[in-house]
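A quick write-up on the structure given underneath.
The values are calculated or read from the model by the stated rules, or taken from the named source; none is laboratory data. This one's a predicted model, so the numbers in the text were calculated from it and none came from an experiment. Neighbour counts run over all protein chains shown; Cβ positions are idealised from the backbone, glycine included.
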Ligand SMILES: [Zn+2]
Ligand SMILES: [Zn+2]
């Protein structure tokens, strides 16, 4: 979720909460290791619970939805030369999601749709 989306949820609980407060608490949660920020080029940073485990993301270029992928590439760590220590990697797939890919013509990007991410 983006900070804006989290703010939307927080407002239902605490109607007076400000966006700055949301940013501040996200920062301290990230410092604590409870949430991780996901940076997708050209997108606002998204925040996820850190306990979800390793996963990647798919960005739909048409609706702007971000989807979680559970799979990882086999042998991604072996891509680095010998003696290099791989500590992390980020893989982002771009394309059209299931809903968008059935539409034939690539539509101009309209309003951002809120990705509905499922949690396990
Ligand atoms: Zn889409
Ligand atoms: Zn991976």
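Annotations for the structure displayed:
- Each residue in the stretch 59-73 was checked for being in contact (Cβ under 8 Å) with a residue 40 or more places away in the chain and assigned to a strand (DSSP E or B), and 4 pass.
- Whichever residue in the stretch 77-89 is at pLDDT 85 or above and within 19 Å of residue 55 (Cβ to Cβ) and, among such residues, is nearest to ligand 2 (Cβ to nearest atom): 89
- Scanning the stretch 49-68 for residues that are farther than 12 Å from residue 90 by Cβ and more than 9 Å from the chain's Cα centre (by Cα) gives 49, 50, 51, 52, 53, 60, 61, 62, 63, 64, 65.
- Out of 4, 40, sole residue that is outside any helix (DSSP H, G or I) and not assigned by TED's automatic domain parsing to the domain that holds residue 103: 40
- Residue, farthest from ligand 1 (Cβ to nearest atom), within the stretch 48-73, restricted to residues that are in contact with a helix residue (DSSP H, G or I) (Cβ under 9 Å, 6 or more places away or on another chain) and farther than 30 Å from residue 28 by Cβ: 73
- Single residue of the stretch 74-102 satisfying the filter (under 18 Å from the mean Cα position of the chain (by Cα) and assigned to a loop (DSSP other than H, G, I, E, B)) that is nearest to ligand 1 (Cβ to nearest atom): 97
- Checked against the criterion of being part of a helix (DSSP H, G or I) and either farther than 20 Å from residue 100 by Cβ or outside the structural domain of residue 95 (by TED's automatic domain parsing) (or both), the stretch 51-58 contains one or more residues that satisfy it.
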